[in-house]
Amino acid sequence: MSKLEMPVQPDSTPLAAAPSIGATQRGVPLWFKGLAPLVLLAALVAVFLRVGPLGVFRQNFPPVEQLTVERIRLPQAGLMEVEVVNGGPEPVTVAQVMVDDANWVHSLNGSRTLERLESRIITIPYPWVEGEPHSVALVSSTGLTFTGEVAVATRSPAIDARYLTTFALLGVYAGVIPVFIGLLWLPFVRSVGRRWIDFLLSLTIGLLIFLGVSSLIEATETASLVPAAFQGHALVLLGAVGTPLLLAAVGRWRARERGERSPLYVAALIALGIGLHNLGEGLAIGTSYASGEIALGTFLVIGFLLHNTTEGLGIVTPLAQERPRLRSLILLGILAGLPTVLGAWIGGFTYSPAWTTLFLAVGAGAIAQVVYELGRLFARQSGAALQAPLNVAGVLAGMVIMYLTGLLVPA
Amino acid sequence: MSEPSLTRRDLLKAGALGTVGLAAGGTVLALPGLAQGDAKAGQGQASHHDMMTVGQLAPGTPDPTRFLTEFDTGNVSRLPSGQILREYDLVAEDREIEVAPGVFYPAWTYNGQVPGPTIRCTEGDRIRVRFTNRGHHSHSIHFHGIHPSNMDGAFEPVHPGRSYVYEFDAEPFGLHLYHCHTVPIKRHIHKGLYGAFIIDPRTPRPPARELVMVMNGFDTNIDGENEVYAVNTVAFHYQKHPITLQKGELVRVYLVNVTEFDLLNSFHLHGNLFRLYRTGTDLERYEWTDIVALCQGERAVLEFTYKHTGPFMFHAHQSEFAELGWSGVFLVQAPHV
């Protein structure tokens, strides 16, 4: 054990010494003190809703209307389906629909007026043209327009056995196989000397930092597509900060149970972090494919194959001095790789920028926690510091490898 | 106008099933020539019924069909000199207007309507227009034609709550227009302050079925481009409610272009050609054609007679304008016996 290992202290909580809940002070019950402000707030809201004091503030402000086109499906020749959600503060009425700057007949699966957070599917019998871009503009009753784009028109994949198989295969190629190939480095990692294990650990840290930051950036990008009411950037915050806190709490609980953070636990944590990242990545792939933005070319699959193989290396490096069972290794591979399949399936069925944002942010947060744990493992196992030249080179190499293999994956 | 035989909900359902040709709503259903789109339903092909607004105007909306033939000839009296005096009242007021079914636009109007009333008189008449501004911005009326400088409406903005009297002799005969000339002019015009101004020649033109068509557009989301194009404000109105003509009757269209933001607008007639009288200031025909392009403020008198019965389209020959609402149908019927 390293000198840095912190002995885990049993929680000597001061709870026993605290005054018992429910006790009264000067005759006022504690529950009343806790609830009184809430009751007052509820009463105030009720009065506002009834009397409408906003009328005092509200004059002739132009209505704040916000419709978001979440996605456009092309289920068959001559038909468009537009999924739209009202993410603004006011109800919005869809009065007319224009496709490629032409008014077009259409129908909605419900009232033309969308209350806050309501969504509709608008069906338009429009003769879209294979391989060409199209734009849809929804004209509200106040004349504002809300647009959605079809980047490249192609028939949306029907969700059938063939679709699921295609994406299962894609997920296996892009997620599962590379992770398992990476795991095959285990014998190699076990044979190299301490110095090189340190280097590989640094390399893992480097590539995780790259993955984490790119997850966070992607989350921020999709956050801007989230309807305003769902507060995309708050979702990023929740995912990116909440996840490491939760993982830390779980880690602390486990450490108390088992007495230490085992390298296998760190490996599992890395696999989980990578898995969450791959879930977000899978969502993006499924959505792009369903909306015709990417074709599933050989190039794309090879790109993901190379890119993700390094992830497998990252998982096994902490296990350099362990003798994990084969079953554990397979579970690690599944944990890291399989979410790609899940993500691709979900992304094809339904696309919600809000969920994609959340998953990506959770992935980023998980990776941040993993990097932290890995740093601790490094400190515990290694004689040298992370700042040693070879290890710094490792971190940089990790990032450069991710960058270079990332060149093969279309944005 | 016949009543629509289907409810709006039915029409919407029809659209959802891809039964093209039913969803246009209203009277087009009665047109045999336009119903052929049905045959192609479900094959990914579209007809003119699909490229259309949905729904009907709210009850109480000024009827564009009535506007076609509404002429304000003023209060007529004689001056001591014997000259005919025509007095008009125009009031500028802010009003929300419907530019497509369900789409409302915060307009500035003359007498609560866009376009403003069609002012009509005869060459040599004395015109007296009492203008009152009940809007929230300064406005004016600038008439095209020959008149003194202080009657030109360019340099005398009329402030909210104030009035002004424009008085001049009507000359020359022709098809003119009037519009607000207060800066920023672009906004004052595209918000709706314009109308047609017809000065008839002393010897009247031959009797005809006369229709006023003011080509206009609306930038509903204020991005400097029109979302709605039309004649007489409402997108696709005359396609949903065709204008009925008699075979063989003389038709005269007073065509004015006030479209803002676009360099040109145009009128194209199907199944026929028209005699073109540019600005209407000459009784000699300028050209025999089926299309005329007009710059903003330009206007022309068109005369034609239909040789065949049936529905005939008329529309801007800028396809984009046609598809955003500037399309209509003449339904030519056999003459009454």
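The values are calculated or read from the model by the stated rules, or taken from the named source; none is laboratory data. Small disclaimer: the values here were computed from a predicted structure and weren't measured. Because the Cβ atoms are built from the backbone with ideal geometry, glycine has one as well, and the counts that use them run over all protein chains shown.
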Filter pass, residue B:230 being within 14 Å of another protein chain (Cβ to nearest Cβ), surrounded by 23 or more Cβ atoms within 10 Å (Cβ to Cβ), outside any loop (DSSP other than H, G, I, E, B) and in contact with a strand residue (DSSP E or B) (Cβ under 9 Å, 6 or more places away or on another chain):
yes
Given the conditions (1) on the phi < 0 side of the Ramachandran plot; (2) out of contact with any Leu (no Cβ under 7 Å at 6 or more places or on another chain); (3) part of a loop (DSSP other than H, G, I, E, B); (4) of a type in the set (S, T, N, Q), and given that residue B:216 satisfies all but one, which numbered condition is not satisfied?
(3)
Given (1) over 20 Å from residue A:266 (Cα atoms); (2) of a type outside the set (Val, Ile, Thr); (3) touching a Pro at 6+ places or on another chain (Cβ under 6 Å), identify the lone condition not met by residue A:365.
(1)
Could you identify the single residue in B:145, B:161, B:192, B:153 that is surrounded by 14 or more Cβ atoms within 10 Å (Cβ to Cβ) and over 22 Å from the mean Cα position of the chain (by Cα)?
B:153
Search the range A:163-190 for residues that are farther than 23 Å from residue A:284 by Cβ and pair each with any residue that is β-branched (Val, Ile, Thr) and crowded, with 19+ Cβ neighbours inside 10 Å when their beta-carbon atoms are under 6 Å apart and the residues are at least 6 apart or on different chains.
A:183/A:316; A:185/A:316; A:186/A:316; A:189/A:316; A:189/A:317
Among residues of the range B:112-127, those that are surrounded by fewer than 18 Cβ atoms within 10 Å (Cβ to Cβ) and either in contact with a strand residue (DSSP E or B) (Cβ under 6 Å, 6 or more places away or on another chain) or at pLDDT below 95 (or both), counted:
3
In the set A:169, A:164, A:117, the lone residue that is part of a loop (DSSP other than H, G, I, E, B), more than 14 Å from chain B (Cβ to nearest Cβ) and surrounded by fewer than 22 Cβ atoms within 10 Å (Cβ to Cβ) is A:117
What residue, of A:223, A:228, A:249, is surrounded by fewer than 17 Cβ atoms within 10 Å (Cβ to Cβ), touching a Gly at 6+ places or on another chain (Cβ under 8 Å) and over 15 Å from residue A:276 (Cβ atoms)?
A:228
Checked the range B:288-329 for anything surrounded by 23 or more Cβ atoms within 10 Å (Cβ to Cβ), under 18 Å from residue B:47 (Cα atoms) and touching a Leu at 6+ places or on another chain (Cβ under 7 Å); matches are B:314
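Working carefully through the options B:224, B:195, find the one that is modelled with pLDDT under 95 and either within 14 Å of chain A (Cβ to nearest Cβ) or part of a strand (DSSP E or B) (or both).
Details: B:195 fails: modelled with pLDDT under 95.
Matching residue, one of B:224, B:195: B:224.
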Output the number of residues of the range A:120-161 satisfying the condition of being in a loop (DSSP other than H, G, I, E, B) and closer than 20 Å to residue A:96 by Cα.
8
Tell me which of these residue B:323 doesn't satisfy, since it passes every other one: (1) under 16 Å from residue B:238 (Cβ atoms); (2) of a type in the set (Asp, Glu); (3) more than 14 Å from chain A (Cβ to nearest Cβ).
(3)
